[in-house]
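Engineer: Pasting a structure below so you can have a look.
The values are calculated or read from the model by the stated rules, or taken from the named source; none is laboratory data. Here the structure is a predicted model, which means the values were calculated and not measured. Because the Cβ atoms are built from the backbone with ideal geometry, glycine has one as well, and the counts that use them run over all protein chains shown. Keep in mind that these areas ignore ligands, DNA and RNA; they rest on the heavy atoms of the full protein, side chains included. Shrake-Rupley method; radii C 1.70, N 1.55, O 1.52, S 1.80 Å.
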Amino acid sequence: MSITLSEKDNGYIEGFAGFEKTAPGGSLGWLKSIREDAITKFSELGFPTPQDEDWRFTNVAPIARGSFDILQNGQGKVSASDLKPYQFEGEQINELVFINGRYSTELSTTARLPKGVIVLNLAEAIDSEQDILEENLAKYADFKDEAFTALNTAFMEDGGFIYIPKGTVVEEPIHLLYISTSGETPSITNPRNLIIAEDNCQANIIEHYVSLDENIYFSNVVTEMVVGENSSLGHYLLELESKKAFNISTLRVQQARSSNIRSHSVLLGGSLVRNNVHPVLAGEGCDSLINGLFMSTHRQHMDNYMKVEHASPHCDSRQLYNGILDGRSRGVFHGRIIVHEDAQKTDAKQTNRNLLLSDHAQIDTKPQLEIYADDVKCTHGATIGQIDENALFYLRSRGISKEASRDIILNAFTNETLESMTVDSVKNYCANLITDWFNQRKLAQKS
Amino acid sequence: MLEIKNLHVNVEDQEILKGLNLKVNKGEVHSIMGPNGSGKSTLAQVLAGRESYKVTEGEIIFEGKDLLELSPEDRACEGIFMAFQYPVEIPGVANTYLLREALNSVRKYRGEEPLKHIEFVKFAKEKMKIMDIGDNLLKRGVNEGFSGGEKKRNEIFQMQILEPKLSILDETDSGLDIDALKVVAGGVNALRSPERAFLIITHYQRLLDYIVPDFVHVLVDGKIVKSGGKELAYELEDRGYGWIEEEKTAANS
Ligand SMILES: Nc1ncnc2c1ncn2[C@@H]1O[C@H](COP(=O)(O)OP(=O)(O)OP(=O)(O)O)[C@@H](O)[C@H]1O
Ligand SMILES: [Mg+2]
């Protein structure tokens, strides 16, 4: 039996009733009540509209109007060789593979983990790691005010669970690979990831969303990342969904004292994409680096929404988002920095640069500073432009062809956001994706 | 080597060059002086192939070829180099990377193999010494955060690497202190040969003490109104440009 969710005829509520019966951990009281709270909230909130300040530039009507199946036996026929293009060359890796939102034991490998580190799929962790889950799951991502988070929380069933005990360095990156092979009818998955690092840990986690075909589906992702004191975590979101897909993801990070995180997002796929990054710098002396690269073409819509919350003194945050927009695509950068009253000596910097490669592409960029402390340093800047003709001429005047000169300038632009990636294999993988993107653009122009 | 005949150039529908003639032979150094806004940089940019400068009349022949037919990159490959009055900053593109790409593009055009990394480094090191360029300038983004003097030295350094037939220096000496000026002049002189020519745009006779020109031309209002030997530069330094314009009006009336 499949469950279909739509706004018509109370479909989400009815769907939930069906879903709840078979959901993993359905019999656990605490989990049941979270899910039920969440569906109640979702039905109160409804999908956001452009009247909502945080959604001014992104209209989710195509999702709200849609009707999506929760696939029951969606594993399809995915083999190890299908994963190849999405793996990082030269990297020994821990990899959890999800097909249409559900964990695949056969395709996953987690052999290379240090002692004490737990990497599991959420459905299984609900059984085996109940205490940690009960303490953390849905404690950070705000399902009371954010509709998509509420929707995810109501319907969460699987995802990545990563627990890193005190003082552990996980050398090899942990890869959460989400593969869609959805069929003809639109479907929905609600991947839910929970990453917990205790004090003095170090790790890199990659969330990766890809599609083996070009169907319509909706990935509604929520990730909670809890970072202990003095820990250092890297998080990567690589979004390569099908051209027709919807992807709404939320990364909610909770940082304890002296922790540092590096969040990198690379948005390339999807028709309607919204990436929310919401770190709370809760302890003193935290560091957050939040970088993003988005490249859109045709009629793609890519929205980067940040809410950087400085809640303690002496924290630094840096945001650098670069966008390249082609075709009739539309981009959004909405960067909120909130400095709470106690967060003195905050040092926050936000930069958003956009290159428009076509006259029909459009970008809305909106910095938003909300500062309640008095001794802080907050700067922001945004630029929108075409390729710098002066730079182009300069390179050409040195003998470099027009096409190569353009490539050099564009690569320099994308490199700004790749530079700070510390996992080389992922950085190279991204560099290749970017090269492919430019090559496809050239092919399209020639034909 | 270079012959400019009756060159008329418009910038945004305004005529800037109004019938300029100039002939440069191999081995010669020509200096062009003239008041602000007279069209000196326009001439340099047109030679380098800037598309926003529209040639409405006249021709430019370089080594027997119609220069106006060539793209900026092909002109560079044919051996034309312009040191920019205002070098462009290109963040994210390492200076060395630009140099190698540029050199290898030029070599490819000439049908030569690209230089191996080791060979390139050796070659560049020699030139770095001449131009007093440190490793750090090489690694940084092109002109990114360079001081005025560093930018100018970097231009001449690029010239050294590309070894052009015709080098056009657009006010490379402006804003340089005497030490930097000597370095720049040293870089130019190191390249001088019977096969190469230089077009040196400057406001100050000072540079010409170090790079001695064969000819000095005065560009006023889009035309060369007077040419002479290096003594003309001294005269201009002493008397300014007013007297030339008076001479011209007198001659015309
Ligand atoms: N891109 C441009 N757009 C509009 N006008 C321009 C442009 N470039 C040059 N001009 C105009 O053309 C005229 C000649 O400029 P040019 O830069 O060639 O003078 P110049 O002799 O090099 O002056 P300077 O000694 O100040 O460098 C000036 O009046 C200038 O304002
Ligand atoms: Mg000038």
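Engineer: For region A:219-228, what does the Karplus curve 6.51 cos²θ - 1.76 cosθ + 1.60, with θ = phi - 60°, yield as ³J(HN,Hα) per residue in whole Hz, taken in order and with x for Gly and Pro?
Structural biologist: Listing the rounded values in order: 9, 10, 9, 10, 10, 10, 10, 10, 10, x Hz.
Engineer: No partner Cβ under 4.7 angstrom, meaning no disulfide-compatible partner by this rule: which Cys of chain A qualify?
Structural biologist: Singleton cysteines: A:C201, A:C378, A:C430.
Engineer: So which of B:K23/B:K129; A:K402/B:K26; B:K5/B:K26 end up more than 22 Å apart by C-alpha?
Structural biologist: Flagged as over cut-off: B:K23/B:K129; A:K402/B:K26.
Engineer: Measuring from label point to label point, each 7 Å out along Cα→Cβ, what is the B:N189 to A:D364 span in nm?
Structural biologist: Computed distance between label sites B:N189 and A:D364 equals 6.4 nm.
Engineer: Return the lysines within reach of A:K32: Cα separation strictly under 27 angstrom, same-chain partners fewer than 8 residues apart disregarded; answer none if there are no such residues.
Structural biologist: A:K8, A:K21, A:K41, A:K139, A:K144
Engineer: With springs connecting C-alpha atoms under 10 Å apart, model chain A as a Gaussian network and identify which of A:R406, A:R318, A:R257 has the largest mean-square fluctuation.
Structural biologist: A:R406
Engineer: Right, something else. All other residues with a Cβ under 10 Å from the Cβ of A:K166 taken together, and with Lys, Arg as +1 and Asp, Glu as -1, what is their net charge?
Structural biologist: Around A:K166, the surrounding residues sum to -3.
Engineer: Normalising by the residue count of region A:2-283, find the relative contact order in percent from Cα pairs under 8 Å and 6+ residues apart.
Structural biologist: Taking the mean separation of contacting Cα pairs over the length of region A:2-283, I get 16 percent.
Engineer: Per residue of region B:214-227, in order, report the coupling 6.51 cos²θ - 1.76 cosθ + 1.60 (Karplus, θ = phi - 60°) as ³J(HN,Hα) in whole Hz, putting x for Gly and Pro.
Structural biologist: 7, 9, 10, 10, 10, 9, 10, 6, x, 9, 7, 9, 7, 10
Engineer: Based on alpha-carbon positions alone, could you give the equivalent ellipsoid semi-axes of the protein assembly as shown from the gyration tensor, as √(5λ), descending, whole Å?
Structural biologist: So the equivalent ellipsoid measures 61, 25, 24 Å along its semi-axes.
Engineer: Less than 19 Å apart at the alpha-carbon level, and either on another chain or at least 8 residues along: which lysines does that give for A:K243?
Structural biologist: Of all the lysines, those that pass the test against A:K243 - Cα under 19 Å, at least 8 places apart if same chain - are A:K442.
Engineer: Also: Could you compute the net charge surrounding A:T153? Neighbours are other residues with a C-beta less than 9 Å from the C-beta of A:T153; K and R count +1, D and E count -1.
Structural biologist: Computed value for this residue: +2.
Engineer: For chains B and A, what's the summed buried accessible area, probe 1.4 Å, to the nearest 100 square angstrom?
Structural biologist: So the total buried area for this chain pair works out to about 1900 Å².
Engineer: Rolling a 1.4 Å sphere over the protein heavy atoms, what is the accessible area per residue of the protein assembly as shown, to the nearest Å²?
Structural biologist: I get 41 Å² per residue for the protein assembly as shown.
Engineer: How large is ³J(HN,Hα) for each residue in region A:241-255, as worked out from phi by the Karplus curve 6.51 cos²θ - 1.76 cosθ + 1.60 (θ = phi - 60°), to whole Hz, x for Gly and Pro?
Structural biologist: Rounded to whole hertz, the list is 5, 5, 4, 9, 7, 10, 9, 10, 10, 10, 10, 10, 10, 10, 10.
Engineer: Given the C-alpha centroids of region A:356-416 and region B:15-68, what is the distance between them in whole angstrom?
Structural biologist: When both Cα centres are located, 33 Å separates them.
Engineer: DSSP loop (so not H, G, I, E, B), at most 11 other Cβ within 10 Å: list which GluC sites (Glu not before Pro) in region B:76-138 pass both filters.
Structural biologist: Those satisfying the criteria are B:E112.
Engineer: Continuing with the same structure: Just counting partner chain Cβ atoms within 10 Å, what average do the residues of peptide B:89-102 show around their Cβ?
Structural biologist: Average per residue, whole number: 5.
Engineer: So if a site counts as exposed when it's one of the GluC sites (Glu not before Pro), its DSSP state isn't H, G, I, E or B, and it has at most 13 other Cβ atoms within 10 Å, what's the longest stretch of chain A without one?
Structural biologist: The segment A:215-340 is the longest one with no such site.
Engineer: Counting only the backbone N, which residues of region A:254-275 are under 12 Å from the spot 7 Å out from the Cα of A:K139 toward its beta-carbon?
Structural biologist: A:254
Engineer: What does the structure give for B:45-57 when I average, per residue, the other chain Cβ atoms found within 10 Å of the residue Cβ?
Structural biologist: The shielding value for this peptide is 2.
Engineer: Let me ask something else. Could you give the spread of the C-alpha atoms of region A:390-447 along their three principal axes, from largest to smallest, in whole angstroms?
Structural biologist: Largest to smallest, the principal-axis extents are 36, 29, 14 Å.
Engineer: Residue separation times 0.36 nm, minus the C-alpha to C-alpha distance between A:T379 and A:D342: what's the value?
Structural biologist: 11.4 nm
Engineer: Carbon and sulfur: what percent of chain A's accessible surface (1.4 Å probe)?
Structural biologist: Ligands and nucleic acids excluded, carbon and sulfur reach 45 percent.
Engineer: Springs between alpha-carbon atoms under 10 Å, Gaussian network over chain B: tell me which of B:K26, B:K122, B:K230 tops the mean-square fluctuations.
Structural biologist: B:K122
Engineer: So, one more: Compare A:I195, A:I179, A:I409 in a GNM of chain A, Cα atoms joined below 10 Å, and give the one with the largest fluctuation.
Structural biologist: A:I409
Engineer: Let me ask something else. Taking beta carbons within 10 Å but only from partner chains, what does the mean come to for residues B:142-154?
Structural biologist: Per residue, the number of nearby Cβ atoms from other chains is 1 on average.
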